[in-house]
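Below is one structure, written out as structure tokens; the observations come after it.
The values are calculated or read from the model by the stated rules, or taken from the named source; none is laboratory data. Keep in mind that what you see is a predicted model, and the values were worked out from it rather than measured. Cβ sites come from the backbone with ideal geometry, for glycine too, and all protein chains shown count toward neighbours. We work out accessible area using only protein heavy atoms, side chains counted, and drop any ligands, DNA or RNA first. Shrake-Rupley method; radii C 1.70, N 1.55, O 1.52, S 1.80 Å.
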Amino acid sequence: MGWAAGAAVLAVVAAGAAGYAAGGDERPTGTPTAASADAGFARDMAVHHQQAVEMSYLVRDRTKDTEVRRLAYDIAQTQANQRGMLLGWLDLWRLPKVSADPPMTWMGMGDMPPGQDGALMPGMATNSDLRKLSSLSGKQAEIFYLQLMTEHHRGGVHMAQGCAERCTVAPEKRLARGMVAAQRSEIQLMSDMLKERGAQARS
């Protein structure tokens, strides 16, 4: 999925480059607007992914367990790559990476209560959660990371499904569908890993 999505991005970039060559600084015809689901998903998921990367690097330094370290590395690398693609699309579309609108506005959820303690979108960990993860080590860190990441993935799946339904740019829709499949698979893996450690997801 990563190679296919990457090739699709290159195709979009190539098309966009041709548009820029012909039109200078003007946005290519037919690209999404700042208020579109395509742009909203790219902005919000980039923020969502950044926290997953942060949590994964935190736990990697707090456990010697090979299985958890491998999972954390895979999540960090995958989501850092996807985040780069999302931000690259915003650059290609000549759109800002931040918005004055509340998070999730593109999904019709802009009127939800403001996120508390840094949890800006569904599934995101709070600042208190991150501090707690930073204070743990060994099995306790593994369990808490798996619990936080399970919630994080559930929120990510919800957002990616929203893009799959609302976005109009074909490569972005394919990326979103790939996120849904991959993160659902990892949720099941993390459920099994929690059981092995005598724990379960928090909700």
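Partner lysines whose Cα lies under 30 Å from the Cα of LYS97, excluding those fewer than 8 positions away in the same chain, are identified as LYS132, LYS173.
The listed peptides 140-152, 121-133, ordered by packing as a protection proxy, come out as 140-152, 121-133 (highest mean of other Cβ atoms within 10 Å first). Comparing mean-square fluctuations of VAL53, VAL180, VAL98 from a GNM of the chain with C-alpha springs under 10 Å, the top value falls on VAL98.
Look at the dipole of the chain built from charges on Cβ: of ALA201, LEU130, LEU87, the Cα furthest out on the positive end belongs to ALA201. Placing +1 on each Lys and Arg Cβ and -1 on each Asp and Glu Cβ, with no other charges, gives the chain a dipole about its Cα centre of roughly 400 debye. Largest GNM mean-square fluctuation across ALA80, ALA119, ALA100, computed for the chain with C-alpha springs under 10 Å, falls on ALA100. Accessible area per residue for segment 138-203 is 44 Å², calculated with a 1.4 Å probe on protein heavy atoms, without ligands, DNA or RNA.
Where the accessible area of the chain is counted over protein heavy atoms with a 1.4 Å probe, how much of it, in %, is carbon and sulfur? Carbon and sulfur: 54 percent of the exposed surface of the chain. Calculated mean residue ellipticity, 222 nm, the chain: -24000 deg cm²/dmol, from DSSP H runs (n ≥ 4) at -39500 (n - 2.57) each, averaged per residue and rounded to 500.
Positive contributions from Lys and Arg (+1) and negative ones from Asp and Glu (-1), summed over other residues with Cβ under 12 Å from the Cβ of ILE187, come out at -1.
What aspartates and glutamates sit close enough to LYS64 to cross-link, taking a C-alpha to C-alpha distance under 12 Å and skipping anything fewer than 8 places away on the same chain? Cα-Cα hits under 12 Å: GLU142. Other residues within the sphere of radius under 13 Å centred on the Cβ of PRO122, judged by their own Cβ, net out at -1 (K and R +1, D and E -1).
Springs join every pair of Cα atoms under 10 Å in this Gaussian network model of the chain, and among GLN116, GLN50, GLN82 the largest mean-square fluctuation is at GLN116.
Summarising the amide proton neighbourhood of THR63: residues at separation of 5 or more, or on other chains, whose placed amide H is nearer than 5 Å comprise GLY138.
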